[in-house]
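Chemist: Got a structure for you, questions after.
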Amino acid sequence: MSGPELITLGCRLNIAESEAMRTAAAQADDLIIVNSCAVTAEAVKQARKAIRQAAKRRPDARIVVTGCAAHTDAAGFAAMPEVARVIGNAEKSRPDLLSFAPAGAADIHVSDIMAVRETAPHMAHAFSGPFSKQSRAFVEVQNGCDHRCTFCVIPYGRGNSRSVPAGAVIDRIRALVDEGHQEVVLTGVDLTSYGPDLPGSPTLGQLVERILIHVPGLARLRLSSLDSVEIDDRLFALLTQEQRIMPHLHLSLQAGDDMILKRMKRRHSRADAVAIVARLKAARPDIAIGADLIAGFPTEDEAMAANSAALIDDCDIVFGHVFPYSPRAGTPAARMPQLDRATIRRRAAALRARAEARRAAWLATLVGTRQAVLAERGGTGHAPNFAAVRFEGDAPAPGMIADIFITGLDDMGLIGRIA
């Protein structure tokens, strides 16, 4: 093995940062770095499970744990006998902490994330790991969050919002394109909060414009999760008129009931969500909508749950990311009247089933169409709308954008062949 083993859980930002850490610790063959997530209690359980499994699989390796779960519960992870070191999200940028880990009891290196004012420069240079070197790269342009949704612990693991200067972002994307990457995904904790901390207070739309102008060789630009209420006119025009921006948006909606949205301390109403999707699809009908939805938020009754379920159809959500609510210590929602776990699981299952039905119906409409698919490893790829495509017959080389005729659909997604 060359370099550390990375186990990455959670968001696309974690994926990008894991690749930066892989580079920083390139010579550390005896390390396993677990980059954890804290978005739900289940995510924290998965991190602990991954640590135990890694220790059984490679008992001689030393395990470094980082990420949001590690940052918000450093002592808890340090107490695990399998763990050699715990480092916070700010410390991900320190090669000295990543390149080795001590024997004996775990040491802890977790600083006050709220005191961090800059995004670590090398984190902006990250490339995503699961895809081939010639296909898709993730570039961090923003980190942290200034909002305090009542259910969310992530700001306490990521700190306040901070942005990467446009020049550094453009330089990195230009280098990725020169290396052969066809598609770049801009990532952040709260991507639409990009810019107010930088000179001149640029917006995300202005950043996107500069990327498109200054990196003409970039074939495809994709944006990660957006807060729908922060899509301004400039960004809206780019999303709907610029063909190099992929027609796929993932929106942070969380719920479809106004009372629950208010108790979550979200900044949009149900009507706002429905209206922005209607505007987007009227201007660019091929846009595919994804969304985060939380099932079983405290005080949610059956009518409120039904409103969230109906949002899947009302917003044509074809990529539903459903989270069963779990209380996160220290958040206001954890002090609200809680639902029983059986009810939460039932509502999450119902949301997933409805989202899957919507996705299946949408995929069926793509059979018989031609899609410009970016090929990845394993004989698969993604269309511009992010529909997964499995190739039949000869597969395009990873990293190639191929004209694919969609011939069918199975439980795994679309099936296609080179047109």
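Chemist: Determine the sum of side-chain charges near Glu183: Lys and Arg each +1, Asp and Glu each -1, restricted to other residues whose C-beta is under 9 angstrom from that of Glu183. Walk me through the numbers before you get to the answer.
Modeler: Working: positive: Arg136, Arg220, Arg222; negative: none.
Computed value for this residue: +3.
Chemist: Okay, moving on. Given the chain, what percent of its DSSP beta bridges are antiparallel, to the nearest 5? Write down the numbers at each step before the final one.
Modeler: On the way: 18 of 61 bridges.
Once the DSSP bridges in the chain are tallied, antiparallel ones form about 30 percent.
Chemist: Considering the dipole of the chain built from charges on the beta carbon (Lys and Arg +1, Asp and Glu -1) around the Cα centre, which of Leu374, Val44, Leu31 is farthest to its positive end?
Modeler: Val44
Chemist: So which residue, out of Lys92, Lys56, Lys262, gets the largest mean-square fluctuation from a GNM of the chain using Cα contacts under 10 Å as springs?
Modeler: Lys56
Chemist: At 1.4 Å probe size, put His268, His147 in order of accessible surface, largest to smallest. Intermediate results must be reported in sequence, preceding the final value.
Modeler: Working: His268 10, His147 50 Å².
Listed by decreasing accessible area, they come as His147, His268.
Chemist: Farthest toward the dipole's positive end in the chain, which of Phe319, Ala348, Gly399, given Cβ charges of +1 (Lys, Arg) and -1 (Asp, Glu) about the Cα centre?
Modeler: Farthest towards the positive end: Ala348.
Chemist: Near Asp73, within a Cβ-to-Cβ distance under 11 Å, what is the net charge of the other residues, with Lys and Arg +1 and Asp and Glu -1? Walk me through the intermediate numbers first.
Modeler: Details: positive: Arg48, Arg328; negative: none.
Cβ neighbours under 11 Å give a net charge of +2.
Chemist: Next question, about the same structure. Applying the Karplus parametrisation 6.51 cos²θ - 1.76 cosθ + 1.60 with θ = phi - 60° to the phi angles of the range 332-340, what ³J(HN,Hα) value in whole Hz is obtained for each residue in order, glycine and proline being reported as x?
Modeler: x, 5, 5, 9, 7, x, 8, 8, 6
Chemist: Can you tell which of Ala70, Ala355, Ala334 shows the greatest fluctuation in a Gaussian network model of the chain with Cα springs below 10 Å?
Modeler: Looking only at Ala70, Ala355, Ala334, the biggest GNM fluctuation is shown by Ala334.
Chemist: Build a GNM of the chain with springs between Cα atoms under 10 Å: which of Ala291, Ala283, Ala69 gets the top mean-square fluctuation?
Modeler: Ala283
Chemist: In what sequence, largest accessible area first, do Ile418, Ile51 appear using a 1.4 Å probe? Could you put the intermediate results ahead of the total?
Modeler: Numbers: Ile418 80, Ile51 0 Å².
Accessible-area ranking of Ile418, Ile51, largest first: Ile418, Ile51.
Chemist: Can you list the residues, at least 5 places off or on another chain, whose amide H is less than 5 Å from the amide H of Ile317, using H built in the peptide plane?
Modeler: So Ile317 has HN proximity to no qualifying residue.
Chemist: Note down the accessible area of Met412, probe 1.4 Å, to the nearest 10 Å².
Modeler: Roll a 1.4 Å probe over it and Met412 shows about 140 Å².
Chemist: If you put +1 on each Lys and Arg Cβ and -1 on each Asp and Glu Cβ, how big is the dipole of the range 130-206 around its Cα centre, in Debye rounded to 20? Could you put the intermediate results ahead of the total?
Modeler: Numbers: 7 positive and 8 negative charges, 29 e Å.
The calculation lands at about 140 debye.
Chemist: If you keep only loop residues by DSSP, which GluC sites (Glu not before Pro) in the range 212-321 have at most 16 other Cβ atoms within 10 Å of their Cβ?
Modeler: Numbers: sites: Glu230, Glu242, Glu300, Glu302; in loops: Glu242, Glu300.
Sparse-neighbourhood loop GluC sites (Glu not before Pro): Glu242.
Chemist: Can you list, by residue number, the Cys in the chain that have no neighbouring cysteine C-beta under 4.7 Å?
Modeler: Result for the chain is Cys11, Cys37, Cys68, Cys145, Cys315, no neighbouring Cys Cβ within the cutoff.
Chemist: Keeping all protein chains in place and using 1.4 angstrom, which order do Cys149, Cys11, Cys315 fall into by accessible surface area, from largest down? All intermediate terms of the calculation are to be shown ahead of the outcome.
Modeler: Values: Cys149 20, Cys11 65, Cys315 0 Å².
My answer, sorted largest first, is Cys11, Cys149, Cys315.
Chemist: Using the crude model of +1 on Lys and Arg Cβ and -1 on Asp and Glu Cβ, and no other charge, please compute the dipole size for the chain relative to its Cα centre, in debye to 20.
Modeler: On the way: 49 positive and 47 negative charges, 127 e Å.
Using Cβ point charges on Lys, Arg, Asp and Glu, the chain gives about 600 debye.
The values are calculated or read from the model by the stated rules, or taken from the named source; none is laboratory data. All of these numbers come straight from a predicted model, not from anything done at the bench. All Cβ positions, glycine included, derive from the backbone under ideal geometry; neighbour counts span all protein chains shown. In case anyone asks, the SASA skips ligands and DNA or RNA and just uses the protein heavy atoms, side chains included. Shrake-Rupley method; radii C 1.70, N 1.55, O 1.52, S 1.80 Å.
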